[in-house]
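Everything below concerns the one structure shown next.
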Amino acid sequence: MKLLNRELSWLSFNERVLQEAQDETVPLIERMRFLGIFSNNQDEFFRVRVATLQRMMELGKKAKKILGENPRKIFDDIYNIAIKQQTKFEATYKKILKDLEAENVFLINEKQLSDSQRDHVSNYFRQEVRAALVPIMIDTLGEFPYLKDRSVYLAIHLSDSKKKEKSRYALIEVPSDTVPRFYLLPEHDSKKYIILLDDIIRLGLKEIFSILPYDTFNAYAIKTTRDAEIDIKENISESLMEKISKGIKQRKKGRPVRFNYDDNIDTEMLHYILRRMRLRIGDDNIIPGQRYHNFRDFMQFPVLGKSHLTYKPEQPQQHPDFLPGKSIFSLIKEKDVLVNYPYQTFDHFIDMLREAAIDPKVSSIKITMYRLASKSKVVNALINAVKNGKDVTVVMELQARFDEEANIHWSDRLREEGAHVILGVQGLKVHSKMCLISRREKGKKVLYANISTGNYNENTSRVYTDLSLFTADKNITKETDNLFSFLESNYKMSHYKNSLVAPMQMRRKFVKLIETETANAKAGKPAFINLKLNNLADREMVQRLREAAISGVKINMLVRSTCTLLPEDDELKNNITIRSIVDRYLEHTRIMIFHNNGKPLYYISSADWMVRNLDQRVELAIPILDKNIQQQVATYFDIQWNDNVKARVINNAQDNKYFQSENKPFRSQEALYKLFKKNQVAALSL
């Protein structure tokens, strides 16, 4: 069985993000922001995936046995694709700048300033920027200074035009974490001007180095991306929190996996810097670029008062079942309710926690947390519950990559307030998204649950698509309670009849569901599988899907990013179709639908079909049992499947062609927002 390499598939996904920046139907400032998303994605890819690949390369022949392919070849393919994407990126950036100029918006550098603008920027430099700068004369140091991960530095060549003094080299970090990267100059003749912090520093170089005998200053951007993997070393005397804290510090000094530089840099200076960093110009991780790096800052590109250049704000809608003044628990007891983010508001979940905090019948709240908002309303609601005498248990996953520090902070805060905090499970990441509330009703314990495909994070709920089920169904709440018992006492195992739980039996149950469809197809019965995932990269699951398709099962898949299944092999008989939607919102929902001989089974889950999700994490997939909500989920999938504006076809060539149909243009995210705005959940004419 031939699979597409996982890393190359991911690069194809990021190409789809770059397509959004190239798409002239996307508002202009949003296109600039997609460049920022592409750049941020690529940074994380190098920090994690490429860093891991480089580690594997050091194992020699053993690595090929582990990976099933030559890591050196994968690395070379990644490098070649990254260079091609960089070329597209730079051409796209230049095109966007030109289009902005047509809108009277100009990004200018220090050499393009008028006299009055120069005076204005010079004053800003002295008042706001200069104090944040730390110039380092690198040619006088015995050891080359440490370059922070993903920070932009200006490598400065100081020279004397009269050639009386020997040239010198300096470094200045661009402090975009403390000073805004973009500075808006006073408007002139209805024209708006923006200058980047990098160029403000360039303008001030003469002033910075005024005490030195130099009159010529050339500055070139450089940036180092470092290995972000955290090594959790076994030490029984240390707690998990101590190990994670140490790992975070180690990450900041991880080895370089990519070095970017301005292609116009003085050659002698470049060789000097690389030599001091123990790198070489011929190394595969040395990648040339243009004048500016760290385009992730462009995700915050200013609006400039030109609202037509951004997406029209879309306010999340109220779910029609959540009525003002009505108890959420009384509603959930009547029926299950499915909320769709970001089209409907996350406030309903916050309101449930707030109600639980003051409800005298509520005795306990249990919740898993993976990534939280920087100013978390969820945490505030839980603290309020503690203060009202509720027993609050929080399972906090400390190993949520790049959120470790924030999660340590929230763990400390919750513990200080009196919550019971559990720091995950030894050897497993807790990735399931679930909340369980216990009430005493007529002398009996009644459980209410919320199960989500995404994090309990009010910020990402505005930009990620997710499903969130509110339920009091005993088939789900009892098994959710059992899973919390496992998290509290790892030795306590339970039987799960309805829910699919990783790493216990989720893989086995999904395999069984696929096998059922395969058997039905072989028996001449109707058989189909509809999947919506972020990633499909598990070898066994790919093999099972292939076998099902060969047997005649019709499989439709929406996969946002990594997909290692190659759908166009002749033996699949055109029974597998894969599409990917990249649009305004990040597609994050996971849905699994199985025909089941005319009695369809519906699941939503926190888990993708990857080894890490099925075997190395605590994950939860729950069945949708309510008939009305089953119809909602089916309609949701159908709407997305019919997208012929933002859906790309995933094929063996990985060329990201847009899906086209004879129907009129249909953009699923727009259609879903209109649907929920009308409060019509299950009816849309496709």
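In this structure, does MET557 turn out to be in a loop (DSSP other than H, G, I, E, B) and out of contact with any helix residue (DSSP H, G or I) (no Cβ under 6 Å at 6 or more places or on another chain)? It is false that MET557 is in a loop (DSSP other than H, G, I, E, B) and out of contact with any helix residue (DSSP H, G or I) (no Cβ under 6 Å at 6 or more places or on another chain). Looking at the range 203-240, which of the residues that are aliphatic (A, V, I, L, M) and loosely packed, with under 13 Cβ neighbours inside 10 Å is modelled with the lowest pLDDT? Out of the qualifying residues, it is ILE236. Just one of the listed residues (GLU143, GLU101) is more than 30 Å from GLY305 (Cα to Cα), out of contact with any strand residue (DSSP E or B) (no Cβ under 8 Å at 6 or more places or on another chain) and acidic (Asp, Glu), namely GLU143.
When THR518 is tested against the conditions (1) among the polar types (S, T, N, Q); (2) in contact (Cβ under 8 Å) with a residue 60 or more places away in the chain; (3) buried (at least 19 other Cβ atoms within 10 Å of the Cβ), the lone failure is (2). Let me confirm something: among VAL463, VAL446, which residue is within 30 Å of SER374 (Cβ to Cβ), of a type in the set (A, V, I, L, M, F, W, C) and surrounded by fewer than 19 Cβ atoms within 10 Å (Cβ to Cβ)? Answer to the selection: VAL463. Looking only at the range 573-592, decide whether some residue is surrounded by fewer than 18 Cβ atoms within 10 Å (Cβ to Cβ) and part of a helix (DSSP H, G or I). No, the range 573-592 contains no residue that is surrounded by fewer than 18 Cβ atoms within 10 Å (Cβ to Cβ) and part of a helix (DSSP H, G or I). Among the residues of the range 156-187, the ones that are over 20 Å from ILE211 (Cβ atoms) and in contact with a helix residue (DSSP H, G or I) (Cβ under 8 Å, 6 or more places away or on another chain) come to 11 in all. Just wondering, is there one or more residues in the range 189-199 that are over 38 Å from the mean Cα position of the chain (by Cα) and either of a type outside the set (Gly, Ala, Ser) or in the same structural domain as ILE273 (by TED's automatic domain parsing) (or both)? Looking through the range 189-199, at least one residue is over 38 Å from the mean Cα position of the chain (by Cα) and either of a type outside the set (Gly, Ala, Ser) or in the same structural domain as ILE273 (by TED's automatic domain parsing) (or both).
Residue by residue, here is whether (1) out of contact with any Gly (no Cβ under 6 Å at 6 or more places or on another chain); (2) within 20 Å of ILE328 (Cβ to Cβ); (3) without any contact (Cβ under 8 Å) to a residue 60 or more places away in the chain; (4) in a helix (DSSP H, G or I) holds:
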site	(1), (2), (3), (4)
HIS409	yes, no, yes, yes
ASP412	yes, no, yes, yes
LYS429	yes, no, no, no
TYR456	yes, yes, no, no
ASP466	no, yes, no, no
ILE476	yes, yes, no, yes
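Of all residues in the range 606-661, those satisfying the criterion of being of a type in the set (A, V, I, L, M, F, W, C), surrounded by fewer than 20 Cβ atoms within 10 Å (Cβ to Cβ) and within 24 Å of THR477 (Cα to Cα) are LEU625, ALA634. Checked against (1) more than 15 Å from ASN457 (Cβ to Cβ); (2) at pLDDT below 85, ALA419 passes all but condition (2).
Select from the range 612-634 the residues that are more than 16 Å from VAL559 (Cα to Cα) and either of a type in the set (Asp, Glu) or within 19 Å of the chain's Cα centre (by Cα) (or both) and list them in ascending order. The answer is ARG612, ASP615, ARG617, GLU619, ASP626. Across the range 521-544, the number of residues qualifying as free of Cβ contacts under 8 Å to residues at least 40 places away in the same chain and within 34 Å of the chain's Cα centre (by Cα) comes to 2. Here is a check on your reading of the model: is GLY305 closer than 30 Å to HIS188 by Cβ and in a loop (DSSP other than H, G, I, E, B)? When the stated conditions are applied, GLY305 passes them. From the list ILE194, ILE172, the lone residue that is at pLDDT 95 or above, surrounded by fewer than 19 Cβ atoms within 10 Å (Cβ to Cβ) and touching a Leu at 6+ places or on another chain (Cβ under 6 Å) is ILE194. A search for C-beta distances below 7 Å between a residue of the range 318-329 that is free of Cβ contacts under 8 Å to residues at least 60 places away in the same chain and any residue that is buried (at least 19 other Cβ atoms within 10 Å of the Cβ) and part of a loop (DSSP other than H, G, I, E, B), counting only pairs 6+ apart in sequence or on different chains, returns GLN318/THR345.
Among residues of the range 355-392 being closer than 16 Å to HIS431 by Cα and modelled with pLDDT of 95 or more, the one that is surrounded by the fewest Cβ atoms within 10 Å (Cβ to Cβ) is ILE367. Answer yes if at least one residue in the range 357-372 is of a type outside the set (A, V, I, L, M), part of a loop (DSSP other than H, G, I, E, B) and either under 30 Å from ALA219 (Cα atoms) or without any contact (Cβ under 8 Å) to a residue 60 or more places away in the chain (or both), and no otherwise. Yes, there is a match, as at least one residue in the range 357-372 is of a type outside the set (A, V, I, L, M), part of a loop (DSSP other than H, G, I, E, B) and either under 30 Å from ALA219 (Cα atoms) or without any contact (Cβ under 8 Å) to a residue 60 or more places away in the chain (or both). Looking across the range 122-137, the residues that are in contact with a strand residue (DSSP E or B) (Cβ under 9 Å, 6 or more places away or on another chain) and either surrounded by fewer than 12 Cβ atoms within 10 Å (Cβ to Cβ) or within 27 Å of SER307 (Cβ to Cβ) (or both) come down to TYR124, VAL134.
No other residue among GLN640, GLN632 is assigned to a helix (DSSP H, G or I), in contact with a helix residue (DSSP H, G or I) (Cβ under 6 Å, 6 or more places away or on another chain) and of a type in the set (S, T, N, Q) apart from GLN640. Considering only the range 547-554, I want to know if a residue exists there that is assigned to a helix (DSSP H, G or I) and touching an Asp or Glu at 6+ places or on another chain (Cβ under 8 Å). Yes, because at least one residue in the range 547-554 is assigned to a helix (DSSP H, G or I) and touching an Asp or Glu at 6+ places or on another chain (Cβ under 8 Å).
On the basis of being within 21 Å of ARG546 (Cβ to Cβ), within 15 Å of the chain's Cα centre (by Cα) and crowded, with 20+ Cβ neighbours inside 10 Å, does THR562 make the cut? Walk me through how you get there before you give the answer.
Working: within 21 Å of ARG546 (Cβ to Cβ): yes; within 15 Å of the chain's Cα centre (by Cα): yes; crowded, with 20+ Cβ neighbours inside 10 Å: yes.
Spelling it out, THR562 is indeed within 21 Å of ARG546 (Cβ to Cβ), within 15 Å of the chain's Cα centre (by Cα) and crowded, with 20+ Cβ neighbours inside 10 Å.
Annotation note: Cβ proximity below 7 Å between a residue of the range 545-557 that is outside the structural domain of ASP570 (by TED's automatic domain parsing) and over 21 Å from TYR636 (Cα atoms) and a residue that is of a type in the set (S, T, N, Q) and part of a helix (DSSP H, G or I) (sequence gap 6+ or interchain) occurs for no pair. Looking at the range 45-157, the helices (runs of 4 or more DSSP H) lying wholly inside it that each contain 2 or more residues that are at pLDDT 95 or above and either under 23 Å from the mean Cα position of the chain (by Cα) or over 25 Å from ARG278 (Cβ atoms) (or both) sit at 71-102, 115-124. Scanning the range 304-322 for residues that are within 11 Å of MET32 (Cα to Cα) and touching a Ser or Thr at 6+ places or on another chain (Cβ under 8 Å) yields a total of 0.
Residue by residue, here is whether (1) within 29 Å of PHE46 (Cβ to Cβ); (2) crowded, with 17+ Cβ neighbours inside 10 Å; (3) aliphatic (A, V, I, L, M); (4) outside the structural domain of ARG439 (by TED's automatic domain parsing) holds:
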site: MET269; (1), (2), (3), (4): yes, yes, yes, yes
site: TYR272; (1), (2), (3), (4): yes, yes, no, yes
site: ARG280; (1), (2), (3), (4): yes, no, no, yes
site: PRO316; (1), (2), (3), (4): no, yes, no, yes
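Are any of the residues in the range 161-179 under 35 Å from the mean Cα position of the chain (by Cα), aliphatic (A, V, I, L, M), within 27 Å of MET299 (Cα to Cα) and not in a strand (DSSP E or B)? Yes, the range 161-179 contains a residue that is under 35 Å from the mean Cα position of the chain (by Cα), aliphatic (A, V, I, L, M), within 27 Å of MET299 (Cα to Cα) and not in a strand (DSSP E or B).
The values are calculated or read from the model by the stated rules, or taken from the named source; none is laboratory data. Every value quoted in this text rests on a predicted model; they were computed, and no experiment measured them. Backbone-built Cβ (ideal geometry, glycine too); neighbour counts: all protein chains shown.
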